[in-house]
Amino acid sequence: MTNTSAFDAPLQLAADAVLIMIDVQQGFEDAAFWGERDNPQAEANMAALLDAWAATGRPVVTVQHGSPGGPLQPGTPGYELKPVVAGAAADLHITKTVNSAFYGTPDLHAWLQARGATQLVVAGIMTNVCNETTARMGGNLGYDVVFPTDAMHTFAMAGPDGVPIPAEQLARATAAVLHRMRFAKVVTTGDVLKAAQA
């Protein structure tokens, strides 16, 4: 795990910090399939991060998830990236069929290692699924992972007992575990934008 003091100190952003924008796809607009979401400002904050990365010349990775038979099925409109991300100049584009961006094509870890990158900023969809899984793997692989929770969103889900859990509660639980257990430094978009200009 990363040194505890790094999690409690103000955010510092490396000159080559990599923004990983996960699964920002049209299929997540299907409210009938996914249900109630949280954080209506997520896309605006994603756009602000992408603008900051473009302005400072930092690398961007976009990720696209394919699931057969659902709203993210390849070859359907739902598989396509939302405009906020589709227009971004990505240094690497990954396609995947599982939760972690580290298990996609091309190989994210190999690409990061070749660049000598050590810091990752994870944003996109969904907070407690692909974003959390990628952050946990990144932390375990030794990367300094930054997790701006207001530049992502999730959906309400029922637990194994059938009781629904609100999206906001799921997002808070993800943030608490990632930060407390030192998988990632949980911050806001404002924190990242400030650090990007430092």
Checklist line | Pick from the stretch 63-99, criterion assigned to a helix (DSSP H, G or I) and either of a type in the set (Gly, Ala, Ser) or in contact with a Lys or Arg (Cβ under 8 Å, 6 or more places away or on another chain) (or both), ranking: nearest to MET46 (Cα to Cα) | finding: ALA86
Item checked: Test for THR174: is it buried (at least 21 other Cβ atoms within 10 Å of the Cβ), touching a strand residue (DSSP E or B) at 6+ places or on another chain (Cβ under 8 Å) and not aromatic (Phe, Trp, Tyr) -> no
Note to self: Name the residue that is surrounded by the most Cβ atoms within 10 Å (Cβ to Cβ), counting only residues in the stretch 30-87 that are in contact (Cβ under 8 Å) with a residue 40 or more places away in the chain and among the hydroxyl-bearing types (Ser, Thr, Tyr).
What the structure shows: THR62
Next item on the list: Return the residue satisfying two criteria in turn: it lies in the stretch 88-144 and is of a type in the set (Asp, Glu) and farther than 18 Å from VAL24 by Cβ, and of such residues it is surrounded by the most Cβ atoms within 10 Å (Cβ to Cβ).
Entry: ASP144
Item checked: Number of positions in the stretch 5-33 that are over 18 Å from the mean Cα position of the chain (by Cα) and in a strand (DSSP E or B) -> 0
Check: Among PHE102, PHE147, which is among the aromatic types (Phe, Trp, Tyr) and part of a loop (DSSP other than H, G, I, E, B)?
Finding: PHE102
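Since every read-out is calculated from the coordinates, none of them should be taken as a lab result. Note that this is a predicted model, so its numbers are computed, not measured. Cβ sites come from the backbone with ideal geometry, for glycine too, and all protein chains shown count toward neighbours.
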